[in-house]
Amino acid sequence: MIKKQLLLIAALLSSAMTNAAEKTFSGPDGKLQVVVSDEGGKPAYRIVYDGTTFIGESPLGLATNIGDFTSDVYLEEGTKTRLIEDTYELATMKRSKVRYKATEAVCSFRQGERTVYDVIFRLTDRDVAFRYKVYPQGNTLCCTVTSEATGFLLPEGSTSFLCPQSKPMEGFARTSPSYETPYSADEPTGKNGRGEGYTFPCLFRNADKGWTLISETGVDSRYCASRLLGHEGGLYTIGFPQEGEFNGNGTPCPGMALPGYTPWRTVTVGKTLAPIVETTVAFDVTEPLYAPSRKYEYGCGTWSWIIGGDASMTYDEQKRYIDFSAAMGYRSVLVDALWDSRIGHEKMEELARYAASKGVGLYLWYNSNGYWNDAPQGPRGRMDNIIARRKEMKWMKSIGILGIKVDFIGSDKQAAMQLYEGILADANDFGLLVIFHGCTLPRGWERMYPNYASSEAVLASENMNFSQGSCDAEAFNACLHPFVRNTVGSMDFGGSALNRYYNAANRPGGSRRITSDVFALAAAVLFQSPVQHFALAPNNLTDAPAWAVDFMKQVPSTWDDIRFIDGYPGKYVVLARRKGQRWYVAGVNAQPEPLKVKVKLPMFAPGEEVVRYSDDKELKGKMETVRLNKNQEISLSVPTNGGVVIVSGS
C-alpha cells in the first residue's frame, strides 16, 4: 500500500514538472504581448502584436561552465511586474527628449531546487527588451557563458534586410570584422550570411503584416557583443564573437561576476516602418556609466582625406581645410591618418593654435593598434596601452583638441569591449569626444558614455573614394541605413559630397559621384550623427550651387525629433527631423524609375510656405518656395539617384 502511494506521489510530481507553465505580459496599451513558457523544461517566449505573431516560439537560456541552463529549466511561480515611467534628455540621438513608459516583468527560472537566472522583460507599446540576471550557484561567484540559446523565430514567409558578418582577420590589413559588408535586401530567411551570421541590427519584413527589428544594447566591458546566426526555418540565434577575432587573442565567451547581467536584446515591431525608424529602445534601457568631465558640444566639420586621400595630409592642406570650415561656419576639421609622420606633433600644436584663431577645433585620427591589425597608418601604439594613451590624451587636452577618431578595432570579444570602454573613460578624463571607425555597432553608448560621439560600423563614404561600385550603390545604401543601421545608433558616414569626382581637382579620374546635389543635402538630414564631418571640399565654395552650399552651412547635426513619412528599405525613403521649431523633410530614391508620391506632412501648418530643394529628370537641382495645400499634403517627384528636401520657414 505504501509503495503504491509513493509511486502515485512520484507520478504526480513528475506530471507537475512536465506540465508547462505559461505567462503573458503586455505593454502599456495592451497591444504588444510577450508569452513566456517552459514546456519540457525548455524556456521559450513569443511576441505578438495586435493579434499577429512577430516572433514565434523561440528559445531562451544560456550555457555556462558551472551548468547548462538551456534545458531542464522551469518557470517559478510569482512573477514580479511593475510599470516604469521615466523621462530623459540626450542630445546625441534621434530624439532629444524621451518619455519612457514600459511594463517590466521578471520571470525567474529554476533548475532543481535552485534559481539559476531571471529573464527581465521590458515592454513598451512597440519594443521588447530582455536580458538575463544570472545567479551564483552555491559558493560559485563567477562563471563563463559558453553559449546562449537565445533565439528569434521569424514567421514563415518573412524576408530579411541584413549585413553579413565577415570572417575574422581578413580584409584590409586583417582588420575585419568591421561591420562593413554590403547589405542584402528582401532575401528569404533560412540563410547564414557568408557562413558567419549577421551583424546587428537586423531588419525583417513579416510578409505583408509588418516589420521586426532585432538588435542588442547595453554592451560594455562586462560582456561581449553578439551577432545573429541564421538557421533553416526562419530561426536566428545569438552567436558570440568568432574565435579568430583579435588575432585569436581573448576568449569569444564572456566572463561574469555573479550575480551578473547580460546585455539587453531588443525587438521592435510595427505594422508600418514608423516604429522601426523612430524607436529609442537602445537608449531607454541603458544608464550613464560615468559623469561627463565637461559640457560636450557637437557640430559639423570637414575632412580632407575623403576627397584628397593620403596626399592631403600636409600642414598647408589642413590649414586650407581649417579656413574652409571657418567659411562654412563649421565647428571642426578631422585630421586623418598619417598626420604624425607628415605633420608631426610639434606642427600639430601650431595647427591647433591656428584652428582656434579661426574658431575651429580639431579631431585627430589614431590607429587602435595592439596585436589585432596590420594597418601601417600612424599614429600607432598610442590607443592600445593605457599609459601611452593617457599621455597622448594629456597632450591633446593641452593644445585644445576636441576629440579623436580611433580606427581598426575589428572584434566583438569582451577584450575588445574593454578596450572601447577604456578609450572612452580615459578620453572623458581629458575632455575628448570619441568617434570609432573600422569598428563594432554602438550599443546604447550615446547614453552610457557621455563623451561618445559616433561610430562608422557601415560601408561608409570612404568606399566611394575607393571604387566606382560604391558610388553606383550610394542611393541603394542610403535607402537602407535609415531603416537598419542608423535606427539604433549614431552613424559616422562622412558623406554629402558636392564634388562630382572624388579627387582634389574635381575632374575626371577615379570615382565619379552619380547622385545629385540635392541627394547630398538630403543625406545630411537622413544620416544621424551628432558630429558630421562632411565630404565637402574648399572648391565647393565656387564650383557648387550657392543654394547647396548655403544649405550645408546651416544644416544641424543634432536633432530634437524624428518622424517616418514613407519608404521601403533599399528603394526609397522620406523622413522628417526637427531642430527647435524647424522641420526638415528629406527623401532619396534608388529605384530605376522616378518616385512619384503624395505625402502628408502634419508637422507643417495647413497652407504653410516652405522651401523645397528638388531635382529634374537630369538631376539638376533647384531651390524654390512652395505652399502646402490645406490638407498639409505635397506631391514629390524624385528621379533615380535624386533627392528632395523641404524646410519649414520658422
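The values are calculated or read from the model by the stated rules, or taken from the named source; none is laboratory data. Everything numeric in this text was worked out from a predicted model, so none of it was measured. Don't worry about glycine lacking a Cβ; one is built from the backbone with ideal geometry, like all the others, and counts go over all protein chains shown.
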Inset, instruction - Kindly check whether there is at least one residue in segment 498-513 that is closer than 18 Å to His533 by Cα, of a type in the set (A, V, I, L, M) and crowded, with 20+ Cβ neighbours inside 10 Å. - result: yes
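On the given criteria, is Gly378 without any contact (Cβ under 8 Å) to a residue 60 or more places away in the chain and on the phi > 0 side of the Ramachandran plot? Even if it seems obvious, please write down each step before you answer.
Working: without any contact (Cβ under 8 Å) to a residue 60 or more places away in the chain: yes; on the phi > 0 side of the Ramachandran plot: no.
The answer is no for Gly378.
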Legend entry - Members of segment 57-78 found to be crowded, with 20+ Cβ neighbours inside 10 Å and either touching a helix residue (DSSP H, G or I) at 6+ places or on another chain (Cβ under 9 Å) or not assigned by TED's automatic domain parsing to the domain that holds Val145 (or both), listed by number: Val73, Tyr74
Inset, instruction - Identify all residues within segment 56-79 that are among the hydrophobic types (A, V, I, L, M, F, W, C) and either without any contact (Cβ under 8 Å) to a residue 40 or more places away in the chain or not in a loop (DSSP other than H, G, I, E, B) (or both); write none if there are none. - result: Leu62, Ala63, Phe69, Leu75
Legend entry - Tabulated pairs, segment 467-482, first within 17 Å of Leu273 (Cα to Cα), second part of a helix (DSSP H, G or I) and not small (Gly, Ala, Ser), C-beta under 8 angstrom, 6+ apart or interchain: Ala478/Phe519; Ala478/Leu526; His481/Leu526; Pro482/Val277; Pro482/Leu526
Inset, instruction - Identify, by number, the condition in (1) surrounded by fewer than 24 Cβ atoms within 10 Å (Cβ to Cβ); (2) out of contact with any Leu (no Cβ under 7 Å at 6 or more places or on another chain); (3) not acidic (Asp, Glu) that Arg447 doesn't meet. - result: (2)
Inset, instruction - Only residues that are more than 18 Å from the chain's Cα centre (by Cα), within 21 Å of Lys94 (Cα to Cα) and in contact (Cβ under 8 Å) with a residue 40 or more places away in the chain: list them for segment 272-296, please. - result: Thr272, Leu289, Pro292, Tyr296
Legend entry - Criterion: modelled with pLDDT under 95 and either at positive phi or outside any strand (DSSP E or B) (or both) - qualifying residue of Asp208, Asp186, Asp220: Asp208
Legend entry - Residue ID - nearest to Glu180 (Cα to Cα), chosen from residues in segment 415-455 that are of a type in the set (D, E, K, R) and either touching a strand residue (DSSP E or B) at 6+ places or on another chain (Cβ under 9 Å) or at pLDDT below 95 (or both): Arg443
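Are any of the residues in segment 84-105 of a type in the set (Asp, Glu), modelled with pLDDT of 95 or more, out of contact with any His (no Cβ under 6 Å at 6 or more places or on another chain) and not in a strand (DSSP E or B)? Outline the logic, then answer.
If we filter segment 84-105 for residues that are of a type in the set (Asp, Glu), which is where we start, we get 85-86, 89, 104.
Then drop every residue that is not modelled with pLDDT of 95 or more, which leaves 85-86, 89, 104.
Pick out the ones that are also out of contact with any His (no Cβ under 6 Å at 6 or more places or on another chain) and you get 85-86, 89, 104.
Keeping just the survivors that are not in a strand (DSSP E or B) gives none.
No, because not a single residue in segment 84-105 is of a type in the set (Asp, Glu), modelled with pLDDT of 95 or more, out of contact with any His (no Cβ under 6 Å at 6 or more places or on another chain) and not in a strand (DSSP E or B).
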Inset, instruction - Note down all Cβ pairs under 9 Å where the first residue falls in segment 540-558 and is over 14 Å from Val518 (Cβ atoms), the second is part of a helix (DSSP H, G or I) and β-branched (Val, Ile, Thr), and they're at least six residues apart or on different chains. - result: Asn540/Val549; Leu541/Val549; Pro556/Val525
Legend entry - Options Arg265, Arg294, Arg227, Arg222: the member that is out of contact with any Phe, Trp or Tyr (no Cβ under 9 Å at 6 or more places or on another chain) and among the charged types (D, E, K, R): Arg294
Inset, instruction - Mind telling me which of the residues Ser341, Ser357, Ser368 ends up being buried (at least 21 other Cβ atoms within 10 Å of the Cβ) and either touching a residue at least 40 places away in the same chain (Cβ under 8 Å) or of a type in the set (S, T, N, Q) (or both)? - result: Ser368
Inset, instruction - Tell me, yes or no, whether segment 238-254 has at least one residue that is buried (at least 18 other Cβ atoms within 10 Å of the Cβ), in contact with a strand residue (DSSP E or B) (Cβ under 6 Å, 6 or more places away or on another chain) and over 21 Å from Gly422 (Cβ atoms). - result: yes
Inset, instruction - For segment 485-502, state whether one or more residues are within 19 Å of Asn589 (Cα to Cα) and of a type in the set (Phe, Trp, Tyr). - result: yes
Inset, instruction - Please state which of the following conditions Ser490 fails to meet, knowing it meets all the rest: (1) over 14 Å from the mean Cα position of the chain (by Cα); (2) crowded, with 23+ Cβ neighbours inside 10 Å. - result: (1)
Inset, instruction - Would you check which residues across segment 281-318 are of a type outside the set (Ser, Thr, Tyr), within 26 Å of Met448 (Cβ to Cβ) and surrounded by 21 or more Cβ atoms within 10 Å (Cβ to Cβ) and list them? - result: Val281, Ala282, Phe283, Asp284, Val285, Cys300, Gly301
Inset, instruction - Select, from Met417, Met396, the only residue that is buried (at least 20 other Cβ atoms within 10 Å of the Cβ) and under 24 Å from Glu346 (Cβ atoms). - result: Met396
Inset, instruction - Would you tally the residues in segment 42-66 being over 18 Å from Leu235 (Cα atoms) and in contact with a strand residue (DSSP E or B) (Cβ under 6 Å, 6 or more places away or on another chain)? - result: 5
Legend entry - Output for segment 321-335, where each listed residue is surrounded by 18 or more Cβ atoms within 10 Å (Cβ to Cβ) and either at pLDDT below 95 or more than 12 Å from Gly361 (Cα to Cα) (or both): Phe324, Met328
Inset, instruction - Give me a count of the residues in segment 371-393 that are surrounded by 24 or more Cβ atoms within 10 Å (Cβ to Cβ) and among the hydrophobic types (A, V, I, L, M, F, W, C). - result: 2
Inset, instruction - Filter segment 126-154 down to residues that are touching a residue at least 60 places away in the same chain (Cβ under 8 Å) and farther than 13 Å from Val267 by Cβ, then give me how many there are. - result: 16
Legend entry - Meets criteria (surrounded by 15 or more Cβ atoms within 10 Å (Cβ to Cβ) and of a type in the set (S, T, N, Q)) for Ser557: yes
